[in-house]
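Novice: There's a structure below that I have some questions on.
The values are calculated or read from the model by the stated rules, or taken from the named source; none is laboratory data. Treat the numbers as computed from the prediction; the structure is a model and nothing was measured. Note: ideal-geometry Cβ built from the backbone for every residue, glycine included; neighbour counts use all protein chains shown.
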Amino acid sequence: MDGGHCRVYAVVNQKGGVGKSVTSTNLGIGLARHGRKVLIADLDSQASQTISLGWPRPDELTCTIATQLGKIIENKPIDPLKGILRHAEGVDLLPSSIELSGLEMRMVNAFERERALRSLLAEIRPGYDAIILDCPPTLGMMTVNALAAADRVIVPVQPEYLSVIGMTQLFDTVALIKKHINPGLQIKGVLITLANMRTNLARNTLAIIKEAYGGSVRIFGQPIPYATKIKEASVAGKSVFAYEPNGSAAFAYEKLVQSNQNTLRRDRGNGAVLADRLTAVPYDEKCPGNAGGQDRYFGTVQSFEERKGRRVF
Ligand SMILES: Nc1ncnc2c1ncn2[C@@H]1O[C@H](COP(=O)(O)OP(=O)(O)O)[C@@H](O)[C@H]1O
Ligand SMILES: [Mg+2]
């Protein structure tokens, strides 16, 4: 098995605080709850995903995504599963640390710098059904690497006017990567997050998003509500499914999971074998999380390009 059964999702928006990390956590754990073997990769040098999943001192980890990518760009051999941690809710995590920002600087002059993550994932994919790339809030080197490595893009957007403006730049970047580096890249959909749909502002902004992009890109039907429980779940190192299983946030994220899980193939290849090689990470009581069909694809970047002339912004 060459990892062709595995689907790589990039959760992307250059704006911070729109729910990328929360969406990565809950999509990943949600898919794992359906029996999928899932890896979440933290691509942000601020390591908020790593910290919120239960590793509060990422700089003390001996192997992170920065270590692995450093070896790739230096053309050194890697053990692809090294550094991967296991969360109590059944997902694996490829952690990040501040070292990643130094690595991004080193990558600037590296050969094939946009494809470093793709090379790393080529070796990791066979062990997983889905890999979720939690991107940093920029369109810089790591996001470009994520788009070069991904099969599908999920764009969390807060229904606020300023969030909408950045979407054009984001879609243009996706289109460029698709054209030059990764022809298989597709936008899976725009996910409305932190939504308080009772306000006129949110409703109006959603209408603008639908008007501007709805014809070319899928907008997931179920917005993720603004919910204090989501913040609390992050602090507790848990998914919304574990924290408040019957809440509105769990319901909304389950809808997102459902729309993706149907598209993953059941064939897990030699995933189980590879996954068994993972060394158990010692459980730390102080770290909450630490435990050691049919593709309903609605739009392509191409079709976005085609309608660019009608751009609203
Ligand atoms: N739907 C939501 N309701 C309430 N708070 C949320 C929601 N989604 C995310 N948050 C909180 O908002 C902040 C930013 O979310 P995060 O996922 O870290 O954004 P990003 O990764 O895009 O920077 C975090 O404190 C998170 O707990
Ligand atoms: Mg984040």
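Novice: Taking only pairs six or more apart or across chains, which ones have beta-carbon atoms under 9 Å, a first residue in the stretch 185-214 that is within 16 Å of ligand 2 (Cβ to nearest atom), and a second residue that is of a type in the set (Ser, Thr, Tyr)?
Specialist: Short answer, once both residue conditions are applied: LEU191/THR23; THR193/THR23; THR193/TYR226; LEU194/TYR226.
Novice: Out of the stretch 136-167, which residues are within 16 Å of ligand 2 (Cβ to nearest atom), under 22 Å from GLN222 (Cα atoms), in contact with a strand residue (DSSP E or B) (Cβ under 7 Å, 6 or more places away or on another chain) and of a type outside the set (S, T, N, Q)?
Specialist: Correct list: VAL153, ILE154, VAL155, PRO156, VAL157.
Novice: Another one. Given the options THR173, THR143, name the one that is under 19 Å from VAL18 (Cα atoms), part of a helix (DSSP H, G or I), of a type in the set (Ser, Thr, Tyr) and under 14 Å from the mean Cα position of the chain (by Cα).
Specialist: That would be THR143, the only listed residue that is under 19 Å from VAL18 (Cα atoms), part of a helix (DSSP H, G or I), of a type in the set (Ser, Thr, Tyr) and under 14 Å from the mean Cα position of the chain (by Cα).
Novice: So in the stretch 198-219, with the set limited to residues that are closer than 19 Å to THR23 by Cα and in contact with a Phe, Trp or Tyr (Cβ under 8 Å, 6 or more places away or on another chain), which one is nearest to ligand 1 (Cβ to nearest atom)?
Specialist: Checking each candidate, the answer is ILE219.
Novice: Here's something else I'd like to know. Could you check the stretch 96-123 and list, in sequence order, the residues that are closer than 18 Å to LYS37 by Cβ and either buried (at least 18 other Cβ atoms within 10 Å of the Cβ) or not hydrophobic (A, V, I, L, M, F, W, C) (or both)?
Specialist: LEU120, LEU121, GLU123
Novice: Continuing with this model, one more query. Considering GLY83, GLY102, GLY140, GLY166, which residue is of a type outside the set (Lys, Arg) and under 27 Å from GLY30 (Cα atoms)?
Specialist: None of the other options fit; the residue is GLY83.
Novice: Any idea how many residues of the stretch 1-48 are within 16 Å of ligand 2 (Cβ to nearest atom), in a loop (DSSP other than H, G, I, E, B) and more than 16 Å from ILE84 (Cβ to Cβ)?
Specialist: Of the residues in that region, 11 qualify.
Novice: Something else about it: Residue check: is CYS63 farther than 30 Å from LEU162 by Cβ and within 15 Å of the chain's Cα centre (by Cα)?
Specialist: Judged against the criteria, CYS63 is not a match.
Novice: Oh, and also: Quick check on my filter: what residues within the stretch 21-36 are over 13 Å from LEU256 (Cα atoms) and within 16 Å of ligand 1 (Cβ to nearest atom)?
Specialist: Selection gives SER21 alone.
Novice: Out of all the residues in the stretch 57-65, is one or more at pLDDT 95 or above, surrounded by fewer than 23 Cβ atoms within 10 Å (Cβ to Cβ) and within 16 Å of ligand 2 (Cβ to nearest atom)?
Specialist: yes
Novice: Would a scan of the stretch 189-197 turn up a residue that is in a loop (DSSP other than H, G, I, E, B), within 18 Å of the chain's Cα centre (by Cα) and within 16 Å of ligand 1 (Cβ to nearest atom)? Can you show your working first?
Specialist: The initial filter retains those residues of the stretch 189-197 that are in a loop (DSSP other than H, G, I, E, B), namely 193-194, 196-197.
If we keep only those that are within 18 Å of the chain's Cα centre (by Cα) as well, we get 193-194.
Filter once more, keeping what is within 16 Å of ligand 1 (Cβ to nearest atom): 193-194.
The answer is yes, given that some residue of the stretch 189-197 is in a loop (DSSP other than H, G, I, E, B), within 18 Å of the chain's Cα centre (by Cα) and within 16 Å of ligand 1 (Cβ to nearest atom).
Novice: Let me ask you something else. Restricting to the stretch 148-165, name every residue that is within 16 Å of ligand 1 (Cβ to nearest atom) and buried (at least 17 other Cβ atoms within 10 Å of the Cβ).
Specialist: Across the stretch 148-165, the qualifying residues are VAL153, ILE154, VAL155, PRO156, VAL157, GLN158, PRO159, SER163, VAL164.
Novice: While we're here: Looking at the stretch 213-223, can you tell me whether even one residue there is modelled with pLDDT of 85 or more and exposed (fewer than 12 other Cβ atoms within 10 Å of the Cβ)?
Specialist: The answer is yes, given that some residue of the stretch 213-223 is modelled with pLDDT of 85 or more and exposed (fewer than 12 other Cβ atoms within 10 Å of the Cβ).
Rundown of residues vs (1) of a type in the set (Lys, Arg); (2) within 16 Å of ligand 1 (Cβ to nearest atom); (3) closer than 27 Å to GLN14 by Cβ, yes/no style:
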{"residue": "SER45", "(1), (2), (3)": "no, yes, yes"}
{"residue": "LEU53", "(1), (2), (3)": "no, yes, yes"}
{"residue": "THR62", "(1), (2), (3)": "no, no, no"}
{"residue": "ILE78", "(1), (2), (3)": "no, no, no"}
{"residue": "ASP92", "(1), (2), (3)": "no, no, yes"}
{"residue": "ASN109", "(1), (2), (3)": "no, no, yes"}
